[in-house]
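Please read the structure below before turning to the comments.
Nothing in this text is a laboratory measurement; each read-out follows from the coordinates by a stated rule. In this text, all values refer to a predicted model and were calculated from it rather than measured experimentally. Neighbour counts run over all protein chains shown; Cβ positions are idealised from the backbone, glycine included.
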Amino acid sequence: MSIFVDQQTRLVVQGITGRDGSFHTRQMLGYGTKVVAGVTPGKGGQVFDGVVPVFDTMADAVAETRANTSIIYVPAAVAASAIFEAADAGIALIVCITEGIPVLDMTRVLPYLHERGARLIGPNCPGLISPSRSKVGIIPGNICRPGRIGVVSRSGTLTYEIVHQLSGAGYGQSTCVGIGGDPLIGTSFIHCLSAFQADPDTDAVVMIGEIGGTDEQLAADFIQQAMSKPVIGFIAGQTAPPGRRMGHAGAIIAGSSGTAAEKMAAFARAGIAVMKRPADVVTLLKERL
Amino acid sequence: MNLHEYQARDILRRHGIPVPPGEVATSADQARAIAARLGGAVVVKAQVHAGGRGKAGGVKLARDAAEAAAHAAKILGMTIKGLVVQRVLIAPAAEITAESYLGIVVDRASQRPMLMVSAAGGVDIEEVAVQAPEKIHRLAVDPRYGVLPHQALGVALKLYGDLTRARAAADIMQRLYGAFYAVGASLAEINPLATTRDGALAALDAKIVIDDNELTRHPELAALRDTSAEAPSEVAAREAGLTFIKLDGSVGCCVNGAGLAMATMDLVKYYGGEPANFLDIGGSSDPQKVVSALRIITADPSVRAILFNIFGGITRGDDVANGIVQATGQLALKVPLVIRLTGTNEELAIEILTKAGFSALSDMDEAVKQAVAKARTA
């Protein structure tokens, strides 16, 4: 088992003929993901790499292939439109890799998805992977191992670092989810934690947060109230100065609640084992399992 | 992107919000001429991207044009929170009887634009939020409909007992939301919204922060960027497509990915060092970016050692390695380099580096320890 993606995932790639879309489609096909369709307006009728049919619209792609999940690699200026289109086509799980979507675009997208019952992961995220089952996004498959640890993170390469430490120590993963570094995202820590709690094949969760906002504190409250599985937490940005955006649009300390110190304190209060550095993940997991 | 007060005032004025007259001066003579034209007492206000301008001596009242020129001469060239004042705004001094606060931000919790108002205006709203949160009234705005008239009036009545004034404030709130949305702001605020002696409302000070992600669709706003108000290294980094923030330490950091970059800085601190910067070379595979990154890091004289921390995903290790080799050929490095590199095309990268006389580590902790030690002994 796993969360959100598995062997039942039938993926459509929005922006399949673009530079990033085509590169990562090949990576996902190579990993064994069931990529059933691609969409690029004007390229309908083509067949990508001789295996994936390309359609002009999401409606056509879903009607022809019964795709249930989409991944978006289109440029930021049209990404919100791609999310709307996926939701209208009846896609239940939409993963948006695109970075740089204006936050006001997201204020209109999110209620639209909510009304249609569609889940968005991202934007500005590396996607997710259920090792040896399905990879939807850009997380390198070779650093992951199948196993029983859930990973949820706001970051990309920092997630790879921690997954690499886990795999190296023999802790495989049920699913790794990158929820994205933007201020407004479709799927929060709490959604993922709740799914991991319900997943019979996840024994513990590693949660990687960063400065900015209060999602980690809300997640800490949730963990205290609703989770029986052990959670190990990390917060990036302990040395970040206030008022400066640290790369991710959402990673900015505004007010005292956005600091790493405040988030780590909230973790500790909720009984979460707090890593001081990424390499602590293995020791803490051993203690808690 | 932060706008200056005078730029924000222009935007509000264009959206029909009552903003008193005022012009920008870059010299004492200009300040004198503007003050003479406005007549009477004026305020001379430093235009820098920093809060607390008044406390720093960057805002002065002048009784006449001569005094305005004298204040401008002092304020121009003054340094406020590390930023040199290049311009002053000259505006008429208004006699005011009350000050309110109006602001709109995107609220992460409700995932909506949030209108925040308070009758305790004219001061730092963050302080009000901490000390007297009950004095701030909030309205989560549905972006599909904007601020509806009855919602604005309801909020305005919490600030003003007088219906005429409340209606005027409600109109300003709706217009402020219009401006916020039109320019793609992440923050728009009027502080204070002043009640003048004659009972009218006026936006005396304004602040607008534009979402950087909106700038490609708003070239007219991108053109308002004042690069003289930013650190030159940060301007150079942005032009090279890098995200760079200068800090005070001695270990220069060059990392792929924002989260890993922050974690690397934290680890430098954990091992007793101080990071000199945040730098994310991004997910692209372009050796030229590495060259630009090294140029920017080495331009900082307080850097005593440089640490590369690369976890290849989209970023290919061999591209970074080529960038390092190219850059060190062009730049004549004076400080030691510690390279940690793993992930995509790791073997190829290590081959390239070894040929050029560098070695690479695969463990992040080990690399950080070495960089901290080298920065200390260098």
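Just to confirm the number: angle between the C-alpha axis of helix A:76-88 and the first principal axis of chain A, 0 to 90 degrees, nearest 10? Tilt of helix A:76-88: around 80 degrees.
Between B:Asp162 and B:Asp142, the C-beta separation translates, for a Förster distance of 30 Å, into a calculated FRET efficiency of about 0.60. Between helix B:364-377 and chain B there is an angle of about 80 degrees, using the helix long axis and the longest principal axis of the Cα atoms. Pop the C-beta distance of B:Gln288 and B:Arg197 into the FRET formula with R0 = 45 Å and round what comes out to the nearest 0.05. Computed FRET efficiency for B:Gln288 and B:Arg197 comes out at 0.15.
Please give the Cα centre distance for region A:1-34 versus region B:1-44, rounded to the nearest Å. Spelled out, the Cα-based centre of one part sits 55 Å from the other.
Relative contact order of chain B: 12 percent, from C-alpha pairs under 8 Å at least 6 residues apart in sequence.
For A:Thr187, nonlocal amide neighbours, meaning residues 5 or more places apart or on other chains whose placed amide H falls under 5 Å from its own, are A:Gly122.
With a cut-off of 16 Å on the backbone N, the residues of region B:61-84 near the modelled label site 7 Å out from B:Ile96 along Cα-Cβ are B:61-62.
Modelled this way, with points 7 Å down the Cα-to-C-beta line, the labels at B:Glu134 and A:Glu64 are 6.4 nm from one another. Backbone phi angles across region B:224-230, fed through the Karplus curve with coefficients 6.51, -1.76 and 1.60 (θ = phi - 60°), yield HN-Hα couplings of 7, 4, 9, 5, 5, 8, 10 Hz in residue order; Gly and Pro are listed as x.
With a 10 Å cut-off around each Cβ of A:274-285, the average count of Cβ atoms from other chains is 2. Among A:Gly147, A:Gly137, A:Gly122, the residue with the largest mean-square fluctuation in a Gaussian network model of chain A, with springs joining Cα atoms closer than 10 Å, is A:Gly147.
Compared with the dominant Cα axis of chain A, that is its longest principal axis, helix A:260-269 is turned about 70°. Cross-linked pairs B:Lys334/B:Lys355; B:Lys246/B:Lys289; A:Lys263/B:Lys334; A:Lys34/A:Lys286: Cα-Cα separations exceed 29 Å for A:Lys263/B:Lys334; A:Lys34/A:Lys286.
For the pair region A:232-289 and region B:58-121, the centres of their Cα atoms are 35 angstrom apart. Converting phi to 3J(HN,Hα) with the Karplus coefficients 6.51, -1.76 and 1.60 and the offset θ = phi - 60°, region A:51-65 yields 10, 10, x, 9, 10, 7, 9, 5, 4, 4, 4, 6, 4, 7, 10 Hz in sequence order, with x at every glycine or proline.
Enter the Cα centre distance for the pair region A:159-205 and region B:302-378, rounded to the nearest angstrom. Here the two parts' Cα centres lie 29 Å apart.
Which of the peptides B:111-120, A:149-158 is most tightly packed, and how do the rest follow, going by the mean number of other Cβ atoms within 10 Å of each residue?
A:149-158, B:111-120
Of the trypsin sites (Lys or Arg not before Pro) in region B:210-241, the ones in a loop by DSSP (not H, G, I, E or B) with at most 13 other beta carbons within 10 Å are B:Arg217.
List the lysines whose alpha-carbon lies under 23 Å from that of B:Lys135, not counting same-chain residues fewer than 8 positions away? Answer for B:Lys135, where 23 Å is the Cα cut-off: B:Lys158, B:Lys207, listed by chain and number. Taking trypsin sites (Lys or Arg not before Pro) across region B:308-378, the ones in a DSSP loop with at most 12 further Cβ atoms lying within 10 angstrom of their Cβ are B:Lys334.
Annotation: peptides A:175-186, A:100-111, ranked by per-residue average of other Cβ atoms within 10 Å with the highest first, follow the order A:175-186, A:100-111. With the simple model of a label 7 Å out from the Cα in the direction of the Cβ, B:Glu230 to B:Gln326 spans 2.3 nm.
With Cβ to Cβ distances under 15 Å as the rule, what net charge do the other residues near B:Thr315 carry (K, R +1; D, E -1)?
-4
Considering only B:Ser27, B:Leu247, B:Phe311, the residue lying farthest towards the positive end of the dipole of chain B is B:Ser27, judged by Cα position with unit charges set on Cβ. For the options B:Ala222, B:Ala332, B:Ala321, a Gaussian network treatment of chain B with springs between C-alpha atoms closer than 10 Å singles out B:Ala332 as fluctuating the most. Across peptide B:96-107, the mean count of Cβ atoms from other chains lying within 10 Å of each residue's own Cβ comes to 1. Backbone phi angles across region B:110-121, fed through the Karplus curve with coefficients 6.51, -1.76 and 1.60 (θ = phi - 60°), yield HN-Hα couplings of 8, 6, 9, x, 10, 8, 10, 9, 8, 6, 8, x Hz in residue order; Gly and Pro are listed as x.
Only bridges whose two residues both fall in chain B count here: according to DSSP, what percent of them are antiparallel, nearest 5?
Antiparallel: roughly 75 percent of the beta bridges in chain B.
Extending 7 Å from Cα along the Cβ direction at A:Ala92 and again at A:Val47 yields two label points whose distance is 3.0 nm.
About its Cα centre, the dipole of region A:2-148 is roughly 580 debye, where the only charges are +1 on Lys and Arg Cβ and -1 on Asp and Glu Cβ.
Shielding of peptide B:363-369 by partners, expressed as the average count of other chain Cβ atoms within 10 Å per residue Cβ, is 2.
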